[in-house]
Each structure stands twice: as structure tokens, then as C-alpha cells.
Amino acid sequence: MPLPFLASLYFDGLPPWFPDPFVALKYTTALGSLALTKWYTSGRSNPSERKLHGRVVIMTGGTSGIGAKVAFELASRGAQLCLLTRQPGNDPFLVDYIEDLRSRTNNQMIYAEQVDLSSLYSIRQFATKWIDNAPPRRLDMIVLCAATLTTPGHGRAETADGIETEWMVNYLANFHLLGILSPAIKAQPFDRDVRIIIPTCSSYIASPKLEPEEVMDKTKYWTPRTAYARSKLALMVFAKTYQKHLDAYKRPDQLPMNARVVIVDPGFARTVGMRRWLTRGSLWGLFLYVVFYALAWLLLKSPNMAAQSILFAAMDAGLGRGTGGKLIKECMEIDCARKDVEDEEVAKKLWEASDKLIEKTEKASAIRRAREKKEREEREKVEEIESLVETIKKGKTKEGQKKKKTERSAE
Ligand SMILES: NC(=O)c1ccc[n+]([C@@H]2O[C@H](COP(=O)([O-])OP(=O)(O)OC[C@H]3O[C@@H](n4cnc5c(N)ncnc54)[C@H](OP(=O)(O)O)[C@@H]3O)[C@@H](O)[C@H]2O)c1
């Protein structure tokens with residue numbers, strides 16, 4: 001059979017049903033280019049593996065996008081997950097999410113703690129509860145995946161404490177959380193491989209220079225893009241300084257620090273955050289996103305592929321040795337694209353300004369909470385008296401009616 005076919009090819013040329021070689025080449029090249037582009041934009045898969053049974057992981061942003069994939073993979077390997085979520089633990093969606101995660105990963109050690117990262121008070125409440133535990137609680141990993149962004153075309157938004165939202169959630173919340181959890185990290189036994197994983201974004205490269213005083217007050221150069229980039233640059237500067245802060249700690253056992261910060265750039269992915277950014281938070285934008293979804297599929301990673309570098313940071317044995325503060329992208333170490341990430345002067349100013357801002361804001365919010373509590377108590381007291389008066393009035397009316405009835409029946 002092949003021989004007659006080859007002979008007919010040789011003597012008579014290509015059969016009529018065979019596509020024009022030029023057209024075939026054109027389609028093959030187009031499909032090949034698409035496949036190559038998709039392969040390139042998908043990025044590398046995590047080559048490392050690690051058993052995580054019994055390891056305790058605190059995680060923010062574990063309910064959506066890249067963080068949800070990371071949470072799934074860590075839980076599948078047996079990690080005990082403490083998810084810090086904006087919603088209260090009894091929120092029906094959160095309950096469903098955790099039940100689903102438990103059953104898919106066959107791991108019951110997953111629970112949620114309500115921590116709103118836009119509130120310094122909420123962060124302090126959780127973190128002080130954690131460090132107040134005696135003896136110190138086991139803590140193997142902190143993964144800080146939560147982030148927020150203001151969609152293009154929208155104005156500057158502030159938290160209830162009056163801090164610009166992106167600065168607060170993407171940077172200051174992590175600064176505050178790790179600041180309070182420091183004693184818990186330092187108290188871990190020497191043989192424990194402790195990792196603090198901080199996702200960043202390559203947008204930090206285009207960020208304006210960090211001028212902390214200006215960033216925290218009303219900056220003149222605010223746009224959604226610069227605010228996000230600036231918060232990520234600040235986060236990276238802080239991550240490097242936090243490693244130095246940990247390294248400078250003299251352990252009671254005189255052994256070197258065993259906690260390492262790993263900064264990770266997961267790459268651009270099709271997550272809720274990215275969709276909000278691309279669609280500008282509008283219905284028209286969403287419509288265009290659906291129409292051009294093929295383009296998003298081709299050029300952006302899936303959340304699962306974006307999670308790979310974070311999983312590498314969590315599992316690679318090499319990252320548990322040597323110096324911390326490395327930047328990981330596509331499951332390998334890369335250099336920072338900006339010198340000021342390592343600039344000690346910038347880092348010092350940022351740390352001091354952040355401390356000052358937290359102190360000032362916490363004082364103001366404590367006064368506000370005390371005033372609100374007093375007002376609430378007074379309101380409750382007035383309501384209690386009013387309801388008492390109401391009951392007495394009702395009692396008197398009933399008594400009057402009863403008296404009239406008895407008088408009438410006596411007549
Ligand atoms: N996606 C990308 O293309 C990309 C690119 C580079 C870097 N990154 C980085 O990768 C990380 C994950 O990104 P993503 O796109 O997967 O994020 P995402 O889908 O937008 O999810 C953000 C997560 O942060 C949580 N969050 C937001 N505000 C919060 C608050 N006030 N309190 C508590 N939690 C809050 C959200 O909780 P809710 O579920 O309650 O909203 C959600 O779980 C981020 O650090 C991001 O900067 C992403």
C-alpha cells in the first residue's frame with residue numbers, strides 16, 4: 001500500500017485532496033507560532049517537591065486567583081492552613097470554600113481567621129492573639145498573596161483609617177503583620193525551615209522613586225498604575241530590610257537565623273484582579289474581555305501556572321539554605337531590576353515613615369473606637385430606659401382597663 005502511494009506521488013505528483021503545500025505551510029507556521037507563544041507565556045512549572053505535613057502556614061489572599069491555587073497545592077501536601085480572609089468565618093461563601101478545599105485536598109486542617117487588611121486594628125487583633133500564645137505557636141510559612149488595585153479611570157480611594165487603599169493593603173498591611181509576628185518568627189526552633197513568601201509584580205520597575213512621606217500623605221502624582229507600582233516597590237524594599245532585621249537578631253541558642261524572606265514575581269495571570277484591571281471595572285470592559293478572551297488566554301498565564309513560582313519558593317530545598325531576600329521569577333533566582341530596592345537609605349526612611357504612620361493612625365482609630373463605644377453605650381442606656389418606661393405605661397393602661405372592667409361588672 002505505501003509503495004503504490006509513493007510511486008503515484010513520484011510519477012503523478014500530489015493527489016488532488018492534498019492541500020496546497022504553501023497553504024499547509026502557512027497554517028502549520030501559524031499554529032506553531034501560537035503554540036510557541038502559549039508555551040512561552042505559560043512560564044515554567046515548579047520542579048521542586050516537599051512534604052508539608054504538620055507545617056503551619058499563615059496565608060493572605062488564599063481565596064482567589066493565584067493565592068487560591070497556592071492554598072490548594074500547599075493543603076494537598078498536608079500543610080495546616082490559616083487563611084486570613086476579609087469575610088467572617090461564618091460567611092456562607094467562605095464556609096463553602098473551605099469545605100470544598102478540605103474535601104478536594106483531603107486535609108481537614110484548613111481554617112479561616114477574619115483579618116481585613118485595610119484595617120490596622122484588624123491586623124493587630126489577629127497578630128497579637130497569635131503571638132500571645134504561650135508556648136509560641138508553630139509557624140513554618142507566611143504567604144502574603146493578598147493585593148488590591150484601583151481600576152484605571154477611578155479615583156483615589158482611602159481606607160476607613162484614611163490611608164490610600166493600595167498603599168495600605170499591598171504594602172502597609174504586610175509591614176504591620178510581619179512587624180507584630182516578628183517574635184513568633186524569631187522564636188521558631190533552629191531546625192525549622194521558616195519562609196516568608198512575598199509576591200510582587202514587575203510593575204515595580206516603572207514605579208516613581210519612593211518618597212515615603214509623600215506617598216502616605218496626599219501625593220501629587222497619584223494614578224491607579226503608579227499607586228500599585230509604588231506599593232509593590234515599597235513591599236520589595238521592605239522585604240529586603242525585613243530579612244536584614246531577622247538576620248540581625250541574636251538567637252538565645254547563638255545559632256544563625258533560620259527564617260528566610262523570598263520575593264516572588266508570579267507573572268501576569270488571568271485572575272479576578274487582572275480582569276478588573278483590564279476591564280476597568282466596567283460592563284463594557286467585561287464585554288470586550290469576553291469577546292477577546294482568546295487573546296487573554298494566549299498572552300496571560302493561568303492562575304495555576306502563575307502559582308508555580310510561589311510554590312517553588314515554598315518547596316525548593318535550595319531556598320531554605322544560604323541567604324534570604326532572593327527574588328524568584330519563573331522558578332529561578334533573578335536580579336532586581338532597580339538599585340533602590342537594596343538602597344539602605346531608602347529602606348530606613350520607608351521603615352521609619354511606615355512606623356510613624358501606623359502609630360499616628362492607630363492612636364486616631366483607638367480614640368474613634370472609644371468615642372463610638374461610648375456613644376453606643378449611651379444610646380443603649382437611653383433605649384433601655386425608654387423600653388422600661390414603655391413597659392410601665394403598658395402595665396398602667398392594662399391595670400386601668402382591668403379596674404374599669406371590675407367596676408362595670410359590680411354595677
Ligand atoms: N494577577 C496577576 O497578573 C499578577 C501579576 C503580578 C503579581 N501579582 C501578585 O500576585 C498576588 C495574587 O494576585 P491575584 O491576581 O491572584 O489576586 P486577586 O485574584 O485579585 O485576589 C486578591 C486576594 O486578596 C484578597 N484581599 C484583597 N483585599 C483584601 C483585604 N482588604 N483584606 C483581606 N484580603 C484582601 C482578596 O480577598 P477577597 O477574595 O475577599 O476579595 C483575594 O483573596 C498579588 O500580590 C498580586 O499583586 C499578580
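Quick one: how many residues across region 326-352 are within 30 Å of Y40 (Cβ to Cβ) and either touching a Ser or Thr at 6+ places or on another chain (Cβ under 7 Å) or assigned to a strand (DSSP E or B) (or both)?
9
Filter region 73-91 down to residues that are more than 14 Å from the ligand (Cβ to nearest atom) and over 17 Å from A307 (Cβ atoms), then give me how many there are.
Of the residues in that region, 3 qualify.
What number of residues within region 249-287 are hydrophobic (A, V, I, L, M, F, W, C) and away from the ligand (no atom under 15 Å from the Cβ)? Don't jump to the end; show me each part of the working.
Let us first name the residues in region 249-287 that are hydrophobic (A, V, I, L, M, F, W, C), namely 255, 257, 259, 261-264, 268-269, 272, 274, 277-278, 283-284, 286-287.
Next, only the ones that are away from the ligand (no atom under 15 Å from the Cβ) stay: 255, 257, 259, 283-284, 286-287.
So the count comes out to 7.
Would you confirm whether or not region 343-352 contains a residue that is touching a helix residue (DSSP H, G or I) at 6+ places or on another chain (Cβ under 8 Å) and under 30 Å from L36 (Cβ atoms)?
No, because not a single residue in region 343-352 is touching a helix residue (DSSP H, G or I) at 6+ places or on another chain (Cβ under 8 Å) and under 30 Å from L36 (Cβ atoms).
Could you check E158 against (1) in contact with an Asp or Glu (Cβ under 7 Å, 6 or more places away or on another chain); (2) over 20 Å from I263 (Cβ atoms); (3) in contact (Cβ under 8 Å) with a residue 12 or more places away in the chain and say which number it fails?
Result: E158 passes all but (3).
Against the definition (more than 30 Å from W130 (Cβ to Cβ), surrounded by 12 or more Cβ atoms within 10 Å (Cβ to Cβ) and at pLDDT below 90), how does L9 come out, yes or no?
Values: more than 30 Å from W130 (Cβ to Cβ): yes; surrounded by 12 or more Cβ atoms within 10 Å (Cβ to Cβ): yes; at pLDDT below 90: yes.
So L9 passes the test.
If only one of I334, I263, I328, I310 is surrounded by fewer than 16 Cβ atoms within 10 Å (Cβ to Cβ), of a type in the set (A, V, I, L, M) and within 30 Å of H53 (Cα to Cα), which one is it? Talk me through it step by step, then tell me what you get.
On the way: I263 fails: surrounded by fewer than 16 Cβ atoms within 10 Å (Cβ to Cβ); I328 fails: surrounded by fewer than 16 Cβ atoms within 10 Å (Cβ to Cβ); I310 fails: surrounded by fewer than 16 Cβ atoms within 10 Å (Cβ to Cβ).
Answer to the selection: I334.
Conditions first: (1) within 15 Å of the ligand (Cβ to nearest atom); (2) loosely packed, with under 15 Cβ neighbours inside 10 Å; (3) within 15 Å of T60 (Cα to Cα). D116 passes all but one, so which condition is the exception?
Going through (1) within 15 Å of the ligand (Cβ to nearest atom); (2) loosely packed, with under 15 Cβ neighbours inside 10 Å; (3) within 15 Å of T60 (Cα to Cα) one by one, D116 breaks only (2).
Here are some residues: A370, A307, A353. Which one is among the small types (G, A, S) and modelled with pLDDT of 95 or more?
Result of the check over A370, A307, A353: A307.
Looking only at region 288-306, which residues are more than 11 Å from the ligand (Cβ to nearest atom) and not in a helix (DSSP H, G or I)?
Residue satisfying the conditions is F292 alone.
The values are calculated or read from the model by the stated rules, or taken from the named source; none is laboratory data. Here the structure is a predicted model, which means the values were calculated and not measured. So basically every Cβ, Gly included, is an ideal-geometry build from the backbone, and we count neighbours across all protein chains shown.
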